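Peer 1: Next up is a structure, given as structure tokens.
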Amino acid sequence: SQFNAQRITAISQINAVTSPIFSGIELSPVPVLLPFDSALYLSDRQSGAINLLIPRYQAGFRAASMFEAGSAGYDAVFLLDRGAGDNMPSRTYLEPVEVQITASLLIYDIKDPLAGKGEPVKALATQYPNLRRVIREGYVRYAFTRFGVPYVVSIQCLDSVARSRRLSCREASPVAERFLKALRVAGGTPRDPRSNIASYASERPIEYSADFTYRPPGEIIVNSGYRGQGGHEDLTVYSQIRFPIEKAPAFANSQSFMNWGDCNRTGRVSFAPTKGDQYRCKRNDKPLVFDESAKENYSYPWQDNFCETRDFEVGQCANGMGHQGQDIRPSSCHLRNDGADRCIPDLFATVAVRDGVLIRSPRQQAAFLLVNSRNEHIRFRYMHMNPARLDADGVLHGRRVTEGEKIGVVSNYQDRPGGTTNHLHFDVQVFTRDGWLWVNPYVTLISSYERLIGGRGREYIQPPPESPAMAHALPPADLPAHVSKEGEGR
């Protein structure tokens, strides 16, 4: 065991101090490292100073926005305001910086081709001899092992120049390193490491659905991948989830490379923004129409678009870039009038796919659902719901939800209302030694949809193209001797 009885007793005493601040901290099976000075906190309370603000004990970080301990480990979110903290460099980014930390007994083996890379952090080498810094999939990450457990501190950022509205990874790094310097054991109830968990076949309905079909995992629209890459064939059901849209039917397919789509700004041929006008993407010959309500958009078969062209890092895609998740349209498209080419948003409910805890700051466009159980440590992300509505509905850090509970509505928000088609972008992250990484949710969604409709889907195989009609020459006929044949010159 990594911990003897004396150490466990000491941590139990720390739990008594910190549990009023970090509810449920004793449930963590790994030592909880947080930027919290419990010795100073206890000293202040013993001296009668009981009304001091939490940032005093947290190196300037606000009280935790979210803390969740479960059977796999723990997750927490902290904010550092602009100008907070002593000796911090000036920052162009105007908003508070959000720092996440996760530690887990469970790590997922996803055959990650980029695993374990990064650079050492010399300034923290004494405190963390095995610390690695790496920028992956939109986060700067600091990964280390302590007590035999993997810990990862991460901040979402852009690996680019500093901007007032987008946090650069260069400006994020000093915040992460301040966070790391402040980490102390704040509690937990350490458990011994567990044995590996073997995968098993996912249960499927016995009876087949009359109409549900899906294209094979990894089969994306022709030439829709980043720099010509194909899809990522992943047959894994990562979790037995409830389907994220409340009611069937629903249609998983591309938004950018289907009807009304913008081909992800890679070019359109014969395009005119008039309802019903025909066009195609430069990348392929697929005929499209400028109409979001086109029948093809709201029809089976489903199609994977995890590795479709986007400017996002995705380690599971062949060229390291992709879409990160799967787009799903709701049951139908309602138009405001006959001349409209856009679907009315906010008509179809989205629901929690599992019992879990929400991770989302006010005004953010994405909402995460965290599941932390004995056999799972996984996150699900919902996108394109209106942030103002999410704020009003309390879709915020720390809210507990139950499977099937309504958490929003399918919408078209991308930086603004109407910024994309009416759909839900849904994706899955699993915890690894590099932190939370995207995995293909397509088969997980197929499995959940089959349970929703009570029928097994059929894999759709594109039929071969029909051979074009051709004129064939007949064999020469047996002619009488006196009849000349062509070319004989008689």
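Peer 1: By how many nm would the segment from residue 117 to residue 10 lengthen if fully extended, with 0.36 nm per residue of separation less the alpha-carbon distance?
Peer 2: On the way: separation 107, 0.36 × 107 = 38.52 nm, distance 3.52 nm.
Length difference between fully extended and current span is 35.0 nm.
Peer 1: Go ahead and run the numbers for FRET between residue 406 and residue 334, Cβ-Cβ distance against an R0 of 25 Å, rounding to 0.05. Spell out each step's value before the answer.
Peer 2: Working: r = 19 Å, r/R0 = 0.76.
With R0 = 25 Å, the Cβ-Cβ based efficiency is 0.85.
Peer 1: Along Cα→Cβ, 7 Å out, is where each label goes; now give me the distance between the ones at residue 52 and residue 389 in nm to one decimal.
Peer 2: Spacing of the two 7 Å Cα→Cβ label points: 4.6 nm.
Peer 1: Can you tell me which aspartates and glutamates have their Cα less than 16 Å from the Cα of residue 117? Leave out same-chain residues fewer than eight positions away.
Peer 2: The reachable aspartates and glutamates, counting only those whose Cα sits under 16 Å from residue 117, are 109, 137, 313, 434.
Peer 1: Across every pair of different alpha-carbon atoms, what Kirkwood hydrodynamic radius in Å does the chain reach? Walk me through the numbers before you get to the answer.
Peer 2: On the way: mean 1/r = 0.0398 Å⁻¹.
After inverting the pairwise mean of 1/r, the radius is 25.1 Å.
Peer 1: Sticking with this one: Hey, which aspartates and glutamates would be in cross-link range of residue 282, C-alpha to C-alpha under 16 Å, not counting anything within fewer than 8 residues on its own chain?
Peer 2: Once the sequence-local aspartates and glutamates are set aside, what remains near residue 282 is 262, 308.
Peer 1: Check cross-link reach from residue 406 to the aspartates and glutamates: straight Cα distance under 15 Å, and skip same-chain residues fewer than eight apart.
Peer 2: The reachable aspartates and glutamates, counting only those whose Cα sits under 15 Å from residue 406, are 246, 346, 355, 391, 393.
Peer 1: Shifting gears a bit: Give the calculated FRET efficiency between residue 92 and residue 416 to the nearest 0.05, with a Förster radius of 30 Å applied to their Cβ-Cβ distance.
Peer 2: Efficiency for this residue pair is about 0.80.
Peer 1: Roughly how many debye, to the nearest 20, is the charge dipole of region 5-187 about its Cα centre, given +1 on each Lys and Arg Cβ, -1 on each Asp and Glu Cβ, and no other charges? List each step's numbers first, then the result.
Peer 2: Values: 21 positive and 16 negative charges, 93 e Å.
In total the dipole reaches around 440 debye.
Peer 1: Given a Förster distance of 41 angstrom, what is the FRET efficiency for residue 295 paired with residue 181, based on the Cβ-Cβ distance and rounded to 0.05? Walk me through the numbers before you get to the answer.
Peer 2: Working: r = 58 Å, r/R0 = 1.42.
So the FRET efficiency works out to roughly 0.10.
Peer 1: Still on this structure, I have one more. Multiply the residue gap between residue 125 and residue 40 by 0.36 nm, knock off their C-alpha separation, and tell me the result in nm, one decimal place.
Peer 2: Numbers: separation 85, 0.36 × 85 = 30.60 nm, distance 2.51 nm.
Once the chain is fully extended between residue 125 and residue 40, it gains 28.1 nm.
Only the coordinates and a few stated rules stand behind these numbers; no lab work does. Owing to the predicted nature of the structure, the values given are computational and were not obtained by experimental measurement. Note that we place each Cβ from the backbone using ideal geometry, even for glycine, and neighbour counts take in every protein chain shown.
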